[in-house]
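Here it is, the structure, as C-alpha coordinates.
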Amino acid sequence: MKTYLYLLALLLWGCGQVEYSPNQKFDSNTPSDLNKKNISKLYSQTNDDTVRFVLTGDTQRAYSACKSMVTKINSIEGVDFVVINGDISDFGLYQEMEWINDIYSDIKVPYIGILGNHDISANGKDIYRRMYGEENFCFVYDSVKFVCYDSNSREYNFDGSIPNINWLSTEMKPQEGVKNYVAISHIPSFINDFDPKLEKPYADLITGNKKVLASMHAHINQSHVYYPYNSTTPFIVANTAAKKEFYLIEIVNGKLTHKVINF
Amino acid sequence: MESLHIRLLTSKLTLLLFFILSSLRADAQFLRKLIPDGAVSQYGGSIGFVSGGISYDLFRNKRGSLDFTYGHVPESKGGPLDVFAAKFFYRPIRIGIKDIAGIYPLNPGTFVSFHPGDKFENWNEGQYSKGYYWWSRSTRIHVSLSSELKLNGKKLLPKTRIDAIGIYSELNTNELYAVSWFKNKDSMSFLDIVRVGYGVRVYF
(Lines give C-alpha, C1' and ligand atoms only; values in the text may rest on other atoms or scores of the structure.)
Protein backbone atom coordinates (compact mmCIF):
# COMPACT_ATOMS: atom_id res chain seq x y z
CA MET A 1 0.00 0.00 0.00
CA LYS A 2 2.76 2.37 1.04
CA THR A 3 4.61 1.72 -2.20
CA TYR A 4 1.54 2.61 -4.24
CA LEU A 5 1.12 5.84 -2.31
CA TYR A 6 4.78 6.71 -2.90
CA LEU A 7 4.28 6.04 -6.61
CA LEU A 8 1.13 8.15 -6.71
CA ALA A 9 2.92 11.00 -4.97
CA LEU A 10 5.75 10.73 -7.49
CA LEU A 11 3.24 10.83 -10.35
CA LEU A 12 1.84 14.10 -9.05
CA TRP A 13 5.25 15.66 -9.53
CA GLY A 14 5.41 14.60 -13.13
CA CYS A 15 2.05 15.16 -14.79
CA GLY A 16 0.39 18.31 -16.02
CA GLN A 17 1.73 21.41 -17.65
CA VAL A 18 2.92 24.37 -15.58
CA GLU A 19 0.41 27.21 -15.94
CA TYR A 20 0.79 30.74 -14.59
CA SER A 21 -2.86 31.71 -15.03
CA PRO A 22 -5.73 30.54 -17.24
CA ASN A 23 -5.76 34.19 -18.43
CA GLN A 24 -2.10 34.29 -19.48
CA LYS A 25 -1.68 35.43 -23.08
CA PHE A 26 0.62 32.63 -24.22
CA ASP A 27 2.81 29.78 -23.07
CA SER A 28 6.06 28.46 -24.47
CA ASN A 29 4.21 26.44 -27.16
CA THR A 30 1.73 29.07 -28.34
CA PRO A 31 2.07 29.74 -32.08
CA SER A 32 2.06 33.30 -33.41
CA ASP A 33 0.96 35.15 -36.58
CA LEU A 34 -1.00 32.14 -37.83
CA ASN A 35 -3.05 34.10 -40.38
CA LYS A 36 0.04 35.64 -41.97
CA LYS A 37 1.81 32.28 -42.08
CA ASN A 38 -1.24 30.47 -43.45
CA ILE A 39 -1.86 33.13 -46.12
CA SER A 40 1.79 32.67 -47.21
CA LYS A 41 1.12 28.92 -47.47
CA LEU A 42 -2.01 29.65 -49.50
CA TYR A 43 -0.02 31.82 -51.92
CA SER A 44 2.52 29.04 -52.37
CA GLN A 45 -0.22 26.61 -53.50
CA THR A 46 -0.84 26.25 -57.22
CA ASN A 47 -4.22 27.73 -58.03
CA ASP A 48 -6.65 27.09 -60.86
CA ASP A 49 -9.59 29.19 -62.01
CA THR A 50 -11.80 27.93 -59.17
CA VAL A 51 -11.70 29.28 -55.64
CA ARG A 52 -13.09 26.61 -53.37
CA PHE A 53 -13.10 27.16 -49.63
CA VAL A 54 -14.81 26.02 -46.46
CA LEU A 55 -16.65 28.47 -44.20
CA THR A 56 -16.99 27.08 -40.67
CA GLY A 57 -18.86 28.79 -37.84
CA ASP A 58 -18.18 29.06 -34.12
CA THR A 59 -15.79 26.34 -32.96
CA GLN A 60 -16.09 27.33 -29.30
CA ARG A 61 -15.81 24.33 -26.98
CA ALA A 62 -16.77 21.81 -29.70
CA TYR A 63 -13.47 19.95 -29.88
CA SER A 64 -14.87 16.51 -30.72
CA ALA A 65 -17.09 17.98 -33.47
CA CYS A 66 -14.12 19.97 -34.82
CA LYS A 67 -12.10 16.77 -35.14
CA SER A 68 -14.88 15.16 -37.20
CA MET A 69 -15.15 18.35 -39.23
CA VAL A 70 -11.44 18.28 -40.07
CA THR A 71 -11.75 14.66 -41.26
CA LYS A 72 -14.70 15.66 -43.48
CA ILE A 73 -12.91 18.73 -44.88
CA ASN A 74 -9.85 16.62 -45.71
CA SER A 75 -12.04 14.24 -47.70
CA ILE A 76 -13.24 17.00 -50.05
CA GLU A 77 -11.20 17.43 -53.21
CA GLY A 78 -9.87 20.77 -54.36
CA VAL A 79 -10.38 22.86 -51.20
CA ASP A 80 -8.00 25.84 -51.25
CA PHE A 81 -8.44 27.05 -47.67
CA VAL A 82 -10.70 27.04 -44.61
CA VAL A 83 -12.13 29.94 -42.60
CA ILE A 84 -13.15 29.76 -38.92
CA ASN A 85 -15.59 32.62 -38.79
CA GLY A 86 -15.04 33.74 -35.19
CA ASP A 87 -15.68 32.44 -31.68
CA ILE A 88 -12.66 30.23 -31.97
CA SER A 89 -12.82 30.16 -28.16
CA ASP A 90 -15.69 30.30 -25.68
CA PHE A 91 -14.05 32.09 -22.75
CA GLY A 92 -11.27 34.04 -24.50
CA LEU A 93 -8.57 31.74 -23.05
CA TYR A 94 -5.25 31.05 -24.78
CA GLN A 95 -5.67 27.35 -24.04
CA GLU A 96 -8.90 27.17 -26.05
CA MET A 97 -7.35 28.82 -29.11
CA GLU A 98 -4.39 26.42 -28.82
CA TRP A 99 -6.71 23.41 -28.67
CA ILE A 100 -8.55 24.57 -31.80
CA ASN A 101 -5.28 25.29 -33.60
CA ASP A 102 -4.03 21.80 -32.71
CA ILE A 103 -7.14 20.33 -34.36
CA TYR A 104 -7.23 22.70 -37.37
CA SER A 105 -3.52 22.16 -38.02
CA ASP A 106 -4.49 18.70 -39.25
CA ILE A 107 -6.38 20.23 -42.18
CA LYS A 108 -4.40 19.59 -45.37
CA VAL A 109 -4.83 23.20 -46.49
CA PRO A 110 -4.21 26.51 -44.65
CA TYR A 111 -6.90 27.98 -42.40
CA ILE A 112 -7.74 31.56 -41.47
CA GLY A 113 -9.06 32.63 -38.05
CA ILE A 114 -11.55 35.52 -37.67
CA LEU A 115 -12.15 37.37 -34.37
CA GLY A 116 -15.48 36.57 -32.67
CA ASN A 117 -17.17 38.21 -29.70
CA HIS A 118 -16.20 35.37 -27.34
CA ASP A 119 -12.58 35.73 -28.44
CA ILE A 120 -12.56 39.26 -27.02
CA SER A 121 -13.54 38.16 -23.49
CA ALA A 122 -10.94 38.71 -20.73
CA ASN A 123 -7.46 38.76 -22.36
CA GLY A 124 -8.85 37.21 -25.54
CA LYS A 125 -8.23 40.06 -27.95
CA ASP A 126 -4.53 40.23 -27.03
CA ILE A 127 -4.34 36.44 -27.30
CA TYR A 128 -5.99 36.48 -30.75
CA ARG A 129 -3.71 39.28 -31.94
CA ARG A 130 -0.58 37.44 -30.87
CA MET A 131 -1.71 34.06 -32.14
CA TYR A 132 -3.57 35.01 -35.35
CA GLY A 133 -2.67 38.64 -36.05
CA GLU A 134 -4.60 41.87 -36.61
CA GLU A 135 -8.39 41.56 -36.52
CA ASN A 136 -8.87 43.57 -39.75
CA PHE A 137 -6.91 42.06 -42.63
CA CYS A 138 -7.22 41.14 -46.31
CA PHE A 139 -5.82 38.67 -48.77
CA VAL A 140 -6.28 38.27 -52.51
CA TYR A 141 -6.60 34.79 -53.99
CA ASP A 142 -7.34 34.13 -57.64
CA SER A 143 -8.49 37.76 -58.19
CA VAL A 144 -10.89 37.61 -55.22
CA LYS A 145 -10.15 39.92 -52.32
CA PHE A 146 -11.20 38.52 -48.96
CA VAL A 147 -11.83 41.38 -46.55
CA CYS A 148 -11.82 40.01 -43.00
CA TYR A 149 -12.81 42.27 -40.14
CA ASP A 150 -14.02 42.70 -36.58
CA SER A 151 -17.81 43.25 -36.46
CA ASN A 152 -18.29 42.49 -32.75
CA SER A 153 -19.78 45.93 -32.01
CA ARG A 154 -21.38 44.98 -28.68
CA GLU A 155 -17.98 44.15 -27.18
CA TYR A 156 -17.03 47.81 -27.67
CA ASN A 157 -20.36 48.99 -26.25
CA PHE A 158 -21.46 50.24 -29.69
CA ASP A 159 -18.95 53.10 -29.63
CA GLY A 160 -19.25 53.65 -33.39
CA SER A 161 -15.77 52.33 -34.17
CA ILE A 162 -16.61 48.67 -34.90
CA PRO A 163 -16.83 47.64 -37.65
CA ASN A 164 -14.34 50.15 -38.98
CA ILE A 165 -16.33 51.49 -41.95
CA ASN A 166 -13.50 53.75 -43.15
CA TRP A 167 -11.10 50.82 -43.28
CA LEU A 168 -13.69 48.67 -45.06
CA SER A 169 -14.40 51.41 -47.66
CA THR A 170 -10.69 51.79 -48.35
CA GLU A 171 -10.15 48.05 -48.71
CA MET A 172 -13.10 47.73 -51.10
CA LYS A 173 -11.93 50.44 -53.48
CA PRO A 174 -11.07 49.24 -57.00
CA GLN A 175 -7.69 47.56 -56.98
CA GLU A 176 -5.48 46.19 -59.73
CA GLY A 177 -5.68 42.42 -59.95
CA VAL A 178 -8.94 42.26 -57.97
CA LYS A 179 -12.13 41.30 -59.79
CA ASN A 180 -14.38 40.51 -56.83
CA TYR A 181 -14.72 41.01 -53.09
CA VAL A 182 -15.93 38.80 -50.25
CA ALA A 183 -16.47 40.32 -46.79
CA ILE A 184 -16.00 38.00 -43.81
CA SER A 185 -16.80 38.76 -40.17
CA HIS A 186 -18.35 37.02 -37.19
CA ILE A 187 -21.47 39.09 -36.46
CA PRO A 188 -23.94 39.72 -39.30
CA SER A 189 -25.08 43.32 -39.78
CA PHE A 190 -28.80 42.57 -39.42
CA ILE A 191 -28.80 41.45 -35.76
CA ASN A 192 -28.73 43.51 -32.58
CA ASP A 193 -25.12 42.69 -31.68
CA PHE A 194 -24.05 44.85 -34.66
CA ASP A 195 -23.82 48.62 -34.14
CA PRO A 196 -27.22 49.94 -35.37
CA LYS A 197 -25.62 53.26 -36.36
CA LEU A 198 -23.29 51.41 -38.73
CA GLU A 199 -25.77 48.98 -40.23
CA LYS A 200 -26.81 51.23 -43.12
CA PRO A 201 -23.30 52.36 -44.04
CA TYR A 202 -22.24 48.70 -44.03
CA ALA A 203 -25.24 47.54 -46.06
CA ASP A 204 -24.59 50.32 -48.62
CA LEU A 205 -20.96 49.29 -48.90
CA ILE A 206 -21.82 45.65 -49.54
CA THR A 207 -24.98 45.85 -51.60
CA GLY A 208 -23.97 48.98 -53.52
CA ASN A 209 -20.92 47.35 -55.05
CA LYS A 210 -21.70 44.76 -57.72
CA LYS A 211 -18.22 43.30 -57.35
CA VAL A 212 -19.00 42.16 -53.81
CA LEU A 213 -20.03 38.53 -54.11
CA ALA A 214 -21.12 37.93 -50.51
CA SER A 215 -20.96 38.97 -46.87
CA MET A 216 -20.13 35.93 -44.71
CA HIS A 217 -20.87 35.50 -41.02
CA ALA A 218 -21.55 33.10 -38.12
CA HIS A 219 -22.70 33.72 -34.50
CA ILE A 220 -26.42 32.93 -34.80
CA ASN A 221 -26.07 29.14 -34.79
CA GLN A 222 -27.68 28.30 -38.12
CA SER A 223 -26.73 27.61 -41.71
CA HIS A 224 -28.68 30.12 -43.73
CA VAL A 225 -28.36 32.46 -46.69
CA TYR A 226 -30.13 35.80 -46.25
CA TYR A 227 -30.81 38.44 -48.88
CA PRO A 228 -31.45 41.51 -46.70
CA TYR A 229 -31.65 45.19 -47.70
CA ASN A 230 -33.74 44.43 -50.87
CA SER A 231 -30.62 43.19 -52.54
CA THR A 232 -29.46 40.10 -54.39
CA THR A 233 -26.14 40.00 -52.50
CA PRO A 234 -26.10 36.89 -50.30
CA PHE A 235 -25.33 37.17 -46.57
CA ILE A 236 -24.16 33.65 -45.80
CA VAL A 237 -24.28 32.56 -42.14
CA ALA A 238 -22.33 29.43 -41.16
CA ASN A 239 -23.54 27.15 -38.40
CA THR A 240 -21.60 26.40 -35.23
CA ALA A 241 -19.28 23.38 -35.40
CA ALA A 242 -21.31 21.70 -32.65
CA LYS A 243 -24.28 21.51 -35.04
CA LYS A 244 -22.07 19.58 -37.47
CA GLU A 245 -22.51 21.70 -40.57
CA PHE A 246 -20.32 23.97 -42.66
CA TYR A 247 -20.50 25.73 -46.00
CA LEU A 248 -18.50 24.76 -49.05
CA ILE A 249 -18.17 27.88 -51.20
CA GLU A 250 -17.06 27.99 -54.80
CA ILE A 251 -16.23 31.03 -56.90
CA VAL A 252 -15.77 30.59 -60.65
CA ASN A 253 -15.60 33.54 -63.06
CA GLY A 254 -17.18 35.94 -60.58
CA LYS A 255 -20.05 33.58 -59.73
CA LEU A 256 -20.45 32.31 -56.18
CA THR A 257 -22.20 29.08 -55.24
CA HIS A 258 -22.67 27.62 -51.78
CA LYS A 259 -23.56 24.25 -50.33
CA VAL A 260 -24.17 23.07 -46.77
CA ILE A 261 -22.07 20.04 -45.89
CA ASN A 262 -23.07 17.82 -42.95
CA PHE A 263 -20.57 15.67 -41.11
CA MET B 1 -6.24 51.39 -13.66
CA GLU B 2 -5.24 47.93 -12.41
CA SER B 3 -3.29 49.45 -9.51
CA LEU B 4 -6.44 51.40 -8.60
CA HIS B 5 -8.34 48.12 -8.43
CA ILE B 6 -5.67 46.58 -6.23
CA ARG B 7 -5.81 49.64 -3.94
CA LEU B 8 -9.61 49.41 -3.80
CA LEU B 9 -9.46 45.71 -3.06
CA THR B 10 -6.85 46.23 -0.34
CA SER B 11 -8.95 48.94 1.28
CA LYS B 12 -12.05 46.72 1.13
CA LEU B 13 -10.14 43.88 2.77
CA THR B 14 -8.76 46.20 5.45
CA LEU B 15 -12.26 47.47 6.17
CA LEU B 16 -13.59 43.91 6.38
CA LEU B 17 -10.80 42.95 8.76
CA PHE B 18 -11.56 46.03 10.88
CA PHE B 19 -15.24 45.08 11.20
CA ILE B 20 -14.39 41.49 12.05
CA LEU B 21 -11.97 42.69 14.69
CA SER B 22 -14.31 45.24 16.20
CA SER B 23 -17.29 42.88 16.22
CA LEU B 24 -15.36 40.28 18.15
CA ARG B 25 -13.75 40.71 21.53
CA ALA B 26 -10.25 41.50 20.41
CA ASP B 27 -8.60 39.56 23.14
CA ALA B 28 -5.03 38.44 22.94
CA GLN B 29 -5.96 34.87 22.18
CA PHE B 30 -7.97 35.88 19.12
CA LEU B 31 -5.23 38.15 17.84
CA ARG B 32 -2.79 35.30 18.21
CA LYS B 33 -5.03 33.26 15.91
CA LEU B 34 -4.54 35.85 13.20
CA ILE B 35 -0.80 35.32 13.21
CA PRO B 36 -0.04 32.99 10.30
CA ASP B 37 1.30 29.53 10.99
CA GLY B 38 3.45 29.58 7.93
CA ALA B 39 4.57 31.30 4.75
CA VAL B 40 4.15 29.91 1.26
CA SER B 41 5.76 30.54 -2.09
CA GLN B 42 4.76 28.86 -5.35
CA TYR B 43 5.86 28.62 -8.98
CA GLY B 44 2.98 28.29 -11.49
CA GLY B 45 -0.08 26.34 -10.45
CA SER B 46 -2.45 28.85 -12.16
CA ILE B 47 -2.09 31.55 -9.47
CA GLY B 48 0.90 33.45 -10.88
CA PHE B 49 4.30 32.87 -12.42
CA VAL B 50 5.40 33.25 -8.81
CA SER B 51 3.11 33.74 -5.86
CA GLY B 52 3.61 34.15 -2.17
CA GLY B 53 1.50 34.48 0.93
CA ILE B 54 0.54 33.27 4.34
CA SER B 55 -0.65 29.90 5.55
CA TYR B 56 -2.88 28.86 8.46
CA ASP B 57 -3.09 25.40 9.99
CA LEU B 58 -6.62 24.10 10.34
CA PHE B 59 -8.01 21.52 12.74
CA ARG B 60 -6.38 20.10 15.83
CA ASN B 61 -4.35 17.59 13.85
CA LYS B 62 -3.03 20.42 11.63
CA ARG B 63 -3.89 18.32 8.58
CA GLY B 64 -5.84 21.15 6.97
CA SER B 65 -4.32 24.32 5.54
CA LEU B 66 -5.68 27.64 4.39
CA ASP B 67 -3.38 29.79 2.25
CA PHE B 68 -3.87 33.36 1.07
CA THR B 69 -1.56 34.35 -1.77
CA TYR B 70 -0.80 37.10 -4.22
CA GLY B 71 0.80 36.12 -7.50
CA HIS B 72 2.09 37.95 -10.53
CA VAL B 73 2.63 37.00 -14.15
CA PRO B 74 5.15 39.31 -15.87
CA GLU B 75 4.62 40.45 -19.45
CA SER B 76 7.40 38.15 -20.66
CA LYS B 77 5.47 35.14 -19.31
CA GLY B 78 2.07 36.04 -20.77
CA GLY B 79 1.05 38.84 -18.39
CA PRO B 80 0.98 41.36 -16.91
CA LEU B 81 -1.48 39.75 -14.54
CA ASP B 82 -2.14 39.97 -10.81
CA VAL B 83 -3.80 37.01 -9.14
CA PHE B 84 -5.17 36.76 -5.61
CA ALA B 85 -5.96 33.27 -4.34
CA ALA B 86 -7.47 31.60 -1.30
CA LYS B 87 -6.66 27.92 -1.04
CA PHE B 88 -7.89 25.12 1.21
CA PHE B 89 -6.61 21.56 1.27
CA TYR B 90 -6.51 18.57 3.59
CA ARG B 91 -3.83 15.93 4.15
CA PRO B 92 -5.66 12.66 4.91
CA ILE B 93 -2.65 10.33 4.67
CA ARG B 94 0.77 10.61 6.31
CA ILE B 95 3.68 8.30 5.70
CA GLY B 96 6.43 8.92 8.24
CA ILE B 97 10.11 8.71 7.43
CA LYS B 98 11.57 8.18 10.89
CA ASP B 99 11.34 11.48 12.75
CA ILE B 100 12.98 13.48 9.96
CA ALA B 101 10.13 13.84 7.50
CA GLY B 102 6.61 12.95 6.53
CA ILE B 103 5.12 12.36 3.10
CA TYR B 104 1.54 13.48 2.51
CA PRO B 105 0.97 11.78 -0.85
CA LEU B 106 -2.58 12.79 -1.82
CA ASN B 107 -4.07 16.00 -0.52
CA PRO B 108 -7.35 17.07 -2.11
CA GLY B 109 -8.21 20.73 -2.06
CA THR B 110 -9.96 23.62 -3.67
CA PHE B 111 -9.01 27.21 -4.35
CA VAL B 112 -10.46 30.37 -5.76
CA SER B 113 -8.38 32.72 -7.90
CA PHE B 114 -9.26 36.30 -8.64
CA HIS B 115 -7.86 38.49 -11.42
CA PRO B 116 -8.41 42.20 -10.71
CA GLY B 117 -8.62 44.65 -13.59
CA ASP B 118 -11.10 46.21 -16.00
CA LYS B 119 -10.79 43.42 -18.55
CA PHE B 120 -11.85 40.88 -15.96
CA GLU B 121 -14.11 42.64 -13.49
CA ASN B 122 -16.66 44.98 -14.99
CA TRP B 123 -19.21 44.68 -17.71
CA ASN B 124 -20.56 48.07 -18.77
CA GLU B 125 -24.08 48.60 -17.55
CA GLY B 126 -26.60 47.79 -20.26
CA GLN B 127 -23.95 46.40 -22.59
CA TYR B 128 -25.20 42.83 -22.27
CA SER B 129 -28.56 41.34 -21.44
CA LYS B 130 -28.70 39.07 -18.39
CA GLY B 131 -26.96 35.75 -19.00
CA TYR B 132 -25.33 36.86 -22.28
CA TYR B 133 -22.08 35.53 -20.82
CA TRP B 134 -22.70 33.11 -17.96
CA TRP B 135 -19.23 32.89 -16.42
CA SER B 136 -17.09 35.27 -14.41
CA ARG B 137 -13.96 36.44 -16.20
CA SER B 138 -12.19 37.42 -12.98
CA THR B 139 -12.88 34.49 -10.67
CA ARG B 140 -11.91 30.89 -11.30
CA ILE B 141 -12.84 27.98 -9.05
CA HIS B 142 -10.21 25.28 -9.00
CA VAL B 143 -9.98 21.78 -7.59
CA SER B 144 -6.56 20.49 -6.66
CA LEU B 145 -4.59 17.44 -5.63
CA SER B 146 -1.21 17.97 -4.06
CA SER B 147 1.56 15.89 -2.57
CA GLU B 148 3.93 17.25 0.02
CA LEU B 149 7.21 16.26 1.59
CA LYS B 150 7.36 17.83 5.03
CA LEU B 151 10.77 18.00 6.67
CA ASN B 152 10.99 18.23 10.43
CA GLY B 153 12.54 21.61 11.16
CA LYS B 154 13.10 20.91 14.83
CA LYS B 155 15.26 17.95 13.93
CA LEU B 156 16.97 19.31 10.83
CA LEU B 157 17.11 23.00 11.67
CA PRO B 158 17.43 23.18 15.45
CA LYS B 159 17.90 26.57 17.08
CA THR B 160 15.58 28.16 14.50
CA ARG B 161 11.91 28.97 14.87
CA ILE B 162 11.12 26.86 11.84
CA ASP B 163 8.83 24.01 12.75
CA ALA B 164 8.88 22.33 9.35
CA ILE B 165 9.56 22.91 5.68
CA GLY B 166 7.17 21.49 3.11
CA ILE B 167 7.98 21.04 -0.56
CA TYR B 168 4.95 20.32 -2.67
CA SER B 169 3.60 19.71 -6.13
CA GLU B 170 0.00 20.66 -6.82
CA LEU B 171 -2.20 19.64 -9.73
CA ASN B 172 -5.27 21.69 -10.49
CA THR B 173 -7.96 22.36 -12.99
CA ASN B 174 -10.67 25.00 -13.10
CA GLU B 175 -14.37 25.03 -13.87
CA LEU B 176 -13.97 26.43 -17.41
CA TYR B 177 -11.44 23.76 -18.38
CA ALA B 178 -13.70 21.16 -16.74
CA VAL B 179 -16.77 22.12 -18.81
CA SER B 180 -14.56 22.12 -21.92
CA TRP B 181 -13.40 18.60 -21.15
CA PHE B 182 -16.78 17.29 -19.99
CA LYS B 183 -18.47 17.97 -23.35
CA ASN B 184 -15.56 16.48 -25.28
CA LYS B 185 -14.64 13.45 -23.20
CA ASP B 186 -14.50 11.25 -26.29
CA SER B 187 -11.70 13.31 -27.81
CA MET B 188 -9.90 14.85 -24.80
CA SER B 189 -8.01 13.21 -22.01
CA PHE B 190 -8.57 14.50 -18.48
CA LEU B 191 -4.84 15.17 -18.33
CA ASP B 192 -5.34 17.79 -21.07
CA ILE B 193 -6.96 20.05 -18.49
CA VAL B 194 -4.56 19.35 -15.59
CA ARG B 195 -2.08 22.08 -14.69
CA VAL B 196 0.72 21.94 -12.17
CA GLY B 197 2.60 24.17 -9.77
CA TYR B 198 5.44 23.64 -7.32
CA GLY B 199 5.91 25.33 -3.98
CA VAL B 200 7.57 25.60 -0.63
CA ARG B 201 5.76 26.13 2.66
CA VAL B 202 7.65 27.15 5.80
CA TYR B 203 5.81 26.31 9.04
CA PHE B 204 6.61 28.35 12.16
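The values are calculated or read from the model by the stated rules, or taken from the named source; none is laboratory data. Just so it is clear, the structure is predicted and the values come from calculations on it, not from any experiment. Positions of Cβ are generated from backbone atoms using ideal geometry, with glycine treated the same way; all protein chains shown enter the neighbour counts.
Exactly one condition in (1) surrounded by 13 or more Cβ atoms within 10 Å (Cβ to Cβ); (2) within 14 Å of A:Leu55 (Cβ to Cβ) is false for A:Asn221; which is it?
(2)
Another question, if that's okay. Would you check if B:Phe59 is outside the structural domain of B:Ala178 (by TED's automatic domain parsing) and free of Cβ contacts under 8 Å to residues at least 60 places away in the same chain? Even if it seems obvious, please write down each step before you answer.
Details: outside the structural domain of B:Ala178 (by TED's automatic domain parsing): no; free of Cβ contacts under 8 Å to residues at least 60 places away in the same chain: yes.
Answer is no for this residue.
On to the next question. Restricting to region B:43-80, name every residue that is in a strand (DSSP E or B) and more than 18 Å from B:Tyr168 (Cβ to Cβ). I'd like the intermediate steps shown before the answer.
As a first pass, look at region B:43-80 and keep what is in a strand (DSSP E or B): B:43-44, B:50-58, B:64-73.
Selection gives B:Tyr70, B:His72, B:Val73.
Among the listed residues A:Asn123, A:Asn74, which satisfies the condition of being within 30 Å of A:Asp193 (Cα to Cα) and either modelled with pLDDT under 95 or among the polar types (S, T, N, Q) (or both)? Talk me through it step by step, then tell me what you get.
Values: A:Asn74 fails: within 30 Å of A:Asp193 (Cα to Cα).
Matching residue, one of A:Asn123, A:Asn74: A:Asn123.
In addition: For residues in region A:44-78 being crowded, with 18+ Cβ neighbours inside 10 Å and among the β-branched types (Val, Ile, Thr), which is farthest from A:Ile236 (Cα to Cα)?
Checked region A:44-78; the qualifying residue farthest from A:Ile236 (Cα to Cα) is A:Val70.
Right, here's the next one. So which residues in region A:202-260 are among the β-branched types (Val, Ile, Thr), touching a residue at least 24 places away in the same chain (Cβ under 8 Å) and more than 21 Å from A:Phe190 (Cα to Cα)? Talk me through it step by step, then tell me what you get.
Keep residues of region A:202-260 that are among the β-branched types (Val, Ile, Thr), which gives A:206-207, A:212, A:220, A:225, A:232-233, A:236-237, A:240, A:249, A:251-252, A:257, A:260.
From what is left, the residues that are touching a residue at least 24 places away in the same chain (Cβ under 8 Å) are A:206-207, A:212, A:220, A:225, A:233, A:236-237, A:240, A:249, A:251-252, A:260.
A:Ile249, A:Ile251, A:Val252, A:Val260, listed by residue number.
All but one of (1) touching a Pro at 6+ places or on another chain (Cβ under 6 Å); (2) of a type in the set (A, V, I, L, M); (3) over 21 Å from A:Tyr247 (Cβ atoms) hold for A:Leu42; which doesn't?
(3)
I would also like to ask the following. So, in region B:72-107, how many residues would count as being facing another protein chain (nearest Cβ under 7 Å), crowded, with 22+ Cβ neighbours inside 10 Å and at pLDDT 95 or above? Steps first, please.
First pass over region B:72-107, keeping only residues facing another protein chain (nearest Cβ under 7 Å): B:73, B:77-79, B:81, B:83, B:93, B:95, B:103, B:105-106.
Then drop every residue that is not crowded, with 22+ Cβ neighbours inside 10 Å, which leaves B:73, B:78, B:81, B:83, B:105.
Among the residues that remain, those that are also at pLDDT 95 or above are: B:73, B:78, B:81, B:83.
The number of residues fulfilling the criteria is 4.
Also: Is it the case that A:Tyr202 is surrounded by fewer than 16 Cβ atoms within 10 Å (Cβ to Cβ) and among the aromatic types (Phe, Trp, Tyr)?
No: the conditions fail for A:Tyr202.
Within region A:106-118, is even one residue within 14 Å of another protein chain (Cβ to nearest Cβ), of a type in the set (A, V, I, L, M) and part of a loop (DSSP other than H, G, I, E, B)?
So far as region A:106-118 goes, no, none of its residues is within 14 Å of another protein chain (Cβ to nearest Cβ), of a type in the set (A, V, I, L, M) and part of a loop (DSSP other than H, G, I, E, B).
To continue, here is another question. When the residues of region B:108-134 are narrowed to those that are loosely packed, with under 14 Cβ neighbours inside 10 Å and touching a helix residue (DSSP H, G or I) at 6+ places or on another chain (Cβ under 9 Å), which ends up nearest to the other protein chains (Cβ to nearest Cβ)?
The extreme case among them is B:Gln127.
In the set A:Pro188, A:Pro174, A:Pro163, which member is more than 17 Å from the chain's Cα centre (by Cα) and without any contact (Cβ under 8 Å) to a residue 60 or more places away in the chain? Walk me through how you get there before you give the answer.
On the way: A:Pro188 fails: more than 17 Å from the chain's Cα centre (by Cα); A:Pro163 fails: more than 17 Å from the chain's Cα centre (by Cα).
When all the criteria are applied, what remains is A:Pro174.
Further question: Looking only at region A:128-161, which residues are touching a Gly at 6+ places or on another chain (Cβ under 7 Å) and outside any strand (DSSP E or B)? Walk me through it before giving the result.
So the first thing to find is which residues in region A:128-161 are touching a Gly at 6+ places or on another chain (Cβ under 7 Å), and the list is A:132, A:140, A:143, A:152.
Those that are touching a Gly at 6+ places or on another chain (Cβ under 7 Å) and outside any strand (DSSP E or B): A:Tyr132, A:Ser143, A:Asn152.
Same structure, new question: Can you confirm whether region A:197-208 contains a residue that is β-branched (Val, Ile, Thr) and within 25 Å of A:Asn166 (Cβ to Cβ)? Reasoning before the result, please.
If we filter region A:197-208 for residues that are β-branched (Val, Ile, Thr), which is where we start, we get A:206-207.
Still in the list and also within 25 Å of A:Asn166 (Cβ to Cβ): A:206-207.
Yes, that holds for at least one residue.
A further question on this structure: Can you find even one residue in region B:178-197 that is at the interface with chain A (Cβ under 10 Å from one of its Cβ atoms), more than 19 Å from A:Gly14 (Cα to Cα), of a type outside the set (Ser, Thr, Tyr) and touching a Ser or Thr at 6+ places or on another chain (Cβ under 7 Å)?
The answer is yes; a qualifying residue exists.
Same structure again: Looking only at residues in region A:9-32 that are assigned to a loop (DSSP other than H, G, I, E, B) and exposed (fewer than 15 other Cβ atoms within 10 Å of the Cβ), which one is nearest to the other protein chains (Cβ to nearest Cβ)? Can you show your working first?
Applying the first criterion (assigned to a loop (DSSP other than H, G, I, E, B)) to region A:9-32 yields A:15-16, A:19-32.
With the extra rule that they be exposed (fewer than 15 other Cβ atoms within 10 Å of the Cβ), the set shrinks to A:15, A:28-29, A:32.
On the way: A:Cys15: 6, A:Ser28: 9, A:Asn29: 12, A:Ser32: 12 Å.
Only one residue tops the list, namely A:Cys15.
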